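Participant: The structure is given below, and queries will be raised subsequently.
The values are calculated or read from the model by the stated rules, or taken from the named source; none is laboratory data. Source: prediction; values computed, not measured. All Cβ positions, glycine included, derive from the backbone under ideal geometry; neighbour counts span all protein chains shown.
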Amino acid sequence: MNKFSSLVKSVTYLFGAVIALIMVVFIGVFIYRENPMLFIKNKVAETFEVWAPRDIELALATGFGNNEVEYGYHLITDSPNRMGPGAEDPKMRYAGNNLACANCHLEAATKPGSASWIGITERFPQFSNRSNKESTLEDRINGCMERSMDGQKLPDDSREMKAILAYMNWLSNDVPPERKDEYKGFPKINLPDVAVNLETGAALYRVECASCHGNNGEGIKKPGSPNGYLYPPLWGEDSFNDGAGMHRVITAASFIKGNMPFGEATLENPKLTDEEAYHLAGYINSFKRPQKRNKENDFPDRKLKPVSTPYGPWADDFTELQHKYGPFQPIMDFYKEKHNLNKTQ
């Protein structure tokens with residue numbers, strides 16, 4: 001009798017399990033028919049780990065503990081007070097203006113389309129057209145210090161240089177190979193085959209830029225601080241100098257397209273058209289700014305000089321005005337025909 005009862009129980013349990021399995025399958029099929037993407041998304045989530053750039057603010061809030069990376073972060077986000085005119089120690093005043101590195105390298109150098117530093121350590125050393133030789137990452141940083149920051153070089157062995165490199169390395173760790181190109185440089189633009197129209201640029205500036213950067217390009221200072229900007233000046237004595245890459249119309253237009261107006265435009269969804277960004281860049285660069293000394297020594301091989309470099313000498317006979325405002329396609333065609341060089345900037 002006991003054996004018979006055990007058999008009945010076993011059969012009952014087995015029957016119940018089969019029924020339960022059938023119900024699970026039935027419900028699963030029903031859900032899949034109603035929302036098949038739910039299964040696909042879950043499968044993708046299981047297969048690929050979701051990656052995002054390292055969040056320095058989160059790291060600091062949770063007890064980061066890496067003093068050099070943290071110092072590098074503060075140097076690039078609070079540059080005027082750490083290594084610029086507002087630094088307490090006069091020996092630390094390497095930058096000549098009150099810009100921060102993060103005014104161009106947006107979101108603490110993590111935003112795609114704004115010359116992000118994510119993955120940058122793998123790209124150096126690299127050949128520099130400007131110096132006509134292999135360039136280290138230290139060289140690249142000091143290029144910004146002398147031009148965009150209108151200042152002087154950081155010593156390669158200084159704590160400041162090492163800290164900025166440490167921050168770059170921290171951002172560049174564990175970046176998936178398929179995501180690296182996303183963070184390189186600025187977006188490409190299709191250049192209009194016309195010269196910059198300064199009136200068009202001025203009209204666009206009033207609508208899209210003046211509320212943050214001021215009617216006269218003076219920017220908006222950080223509240224409660226004589227140094228540093230909430231929104232940086234775009235021309236004038238406290239802006240980047242005329243040897244900076246941003247003083248070239250094509251470079252500036254690429255940056256504007258992917259990032260401006262700030263908070264509205266992204267790399268994937270720009271607000272301005274290529275042509276609007278182009279005219280805006282020309283208008284912004286039509287105003288006076290600090291003068292970089294010894295610019296004539298840039299680009300020893302003049303054939304490698306970007307076509308929108310607004311200062312000579314050049315390896316062609318196009319006018320200074322055309323090198324500054326375009327149209328640039330005829331200059332590009334010249335270098336292609338005469339030197340077999342495909343120039344894009």
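Participant: Since residue 228 meets every condition but one in (1) surrounded by fewer than 15 Cβ atoms within 10 Å (Cβ to Cβ); (2) at pLDDT below 95, which condition does it not meet?
Facilitator: Going through the list (1) surrounded by fewer than 15 Cβ atoms within 10 Å (Cβ to Cβ); (2) at pLDDT below 95, residue 228 breaks only (1).
Participant: In segment 169-183, what residues are surrounded by 13 or more Cβ atoms within 10 Å (Cβ to Cβ) and either in the same structural domain as residue 256 (by TED's automatic domain parsing) or outside any loop (DSSP other than H, G, I, E, B) (or both)? Don't jump to the end; show me each part of the working.
Facilitator: Within segment 169-183, the subset surrounded by 13 or more Cβ atoms within 10 Å (Cβ to Cβ) is 169-172, 175, 179-180, 182-183.
Of everything in segment 169-183, those that are surrounded by 13 or more Cβ atoms within 10 Å (Cβ to Cβ) and either in the same structural domain as residue 256 (by TED's automatic domain parsing) or outside any loop (DSSP other than H, G, I, E, B) (or both) turn out to be 169, 170, 171, 172, 179, 180, 182, 183.
Participant: Considering only residues of segment 280-314 that are in contact with a His (Cβ under 7 Å, 6 or more places away or on another chain) and touching a residue at least 60 places away in the same chain (Cβ under 8 Å), which is farthest from residue 250 (Cα to Cα)?
Facilitator: Checking each candidate, the answer is 310.
Participant: Consider residue 341 carefully, then state whether it is modelled with pLDDT of 95 or more and hydrophobic (A, V, I, L, M, F, W, C). Talk me through it step by step, then tell me what you get.
Facilitator: Working: modelled with pLDDT of 95 or more: yes; hydrophobic (A, V, I, L, M, F, W, C): yes.
The answer is yes for residue 341.
Participant: A further question on this structure: Could you tell me how many of the residues in segment 315-328 are among the aromatic types (Phe, Trp, Tyr), part of a loop (DSSP other than H, G, I, E, B) and in contact (Cβ under 8 Å) with a residue 60 or more places away in the chain?
Facilitator: Just the residues of segment 315-328 that are among the aromatic types (Phe, Trp, Tyr), to begin with: 318, 325, 328.
Subsequent filtering for residues that are part of a loop (DSSP other than H, G, I, E, B) retains 318, 328.
Now narrow it down to the ones that are in contact (Cβ under 8 Å) with a residue 60 or more places away in the chain: 328.
The qualifying residues number 1.
Participant: Could you say whether any residue in segment 112-124 is touching a strand residue (DSSP E or B) at 6+ places or on another chain (Cβ under 9 Å), surrounded by fewer than 21 Cβ atoms within 10 Å (Cβ to Cβ) and not charged (D, E, K, R)?
Facilitator: Taking segment 112-124 and keeping what is touching a strand residue (DSSP E or B) at 6+ places or on another chain (Cβ under 9 Å), we get 124.
Checking the rest, the ones that are also surrounded by fewer than 21 Cβ atoms within 10 Å (Cβ to Cβ) come to 124.
When the remaining residues are screened for being not charged (D, E, K, R), the result is 124.
Checking segment 112-124: at least one residue is touching a strand residue (DSSP E or B) at 6+ places or on another chain (Cβ under 9 Å), surrounded by fewer than 21 Cβ atoms within 10 Å (Cβ to Cβ) and not charged (D, E, K, R).
Participant: In addition: Kindly check whether there is at least one residue in segment 77-91 that is aliphatic (A, V, I, L, M), in a loop (DSSP other than H, G, I, E, B) and not assigned by TED's automatic domain parsing to the domain that holds residue 255.
Facilitator: Yes, segment 77-91 has at least one match.
Participant: Considering segment 238-273 alone, what residues qualify as being surrounded by fewer than 17 Cβ atoms within 10 Å (Cβ to Cβ) and within 24 Å of residue 323 (Cβ to Cβ)?
Facilitator: 273, the sole residue that qualifies.
Participant: Further, regarding this structure: Could you please let me know if residue 302 is over 17 Å from residue 187 (Cβ atoms), surrounded by fewer than 19 Cβ atoms within 10 Å (Cβ to Cβ) and modelled with pLDDT of 95 or more? If you could, list the steps in order and put the result at the bottom.
Facilitator: Values: over 17 Å from residue 187 (Cβ atoms): yes; surrounded by fewer than 19 Cβ atoms within 10 Å (Cβ to Cβ): yes; modelled with pLDDT of 95 or more: yes.
Yes; evaluated as a whole, the condition is true for this residue.
Quick grid of which residues meet (1) of a type outside the set (Gly, Ala, Ser); (2) assigned to a loop (DSSP other than H, G, I, E, B); (3) more than 15 Å from residue 114 (Cβ to Cβ); (4) touching a strand residue (DSSP E or B) at 6+ places or on another chain (Cβ under 7 Å):
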position	(1), (2), (3), (4)
256	yes, no, no, no
264	yes, yes, no, no
270	yes, yes, no, no
280	yes, no, yes, no
288	yes, yes, yes, no
292	yes, yes, yes, no
330	yes, no, yes, no
342	yes, yes, yes, no
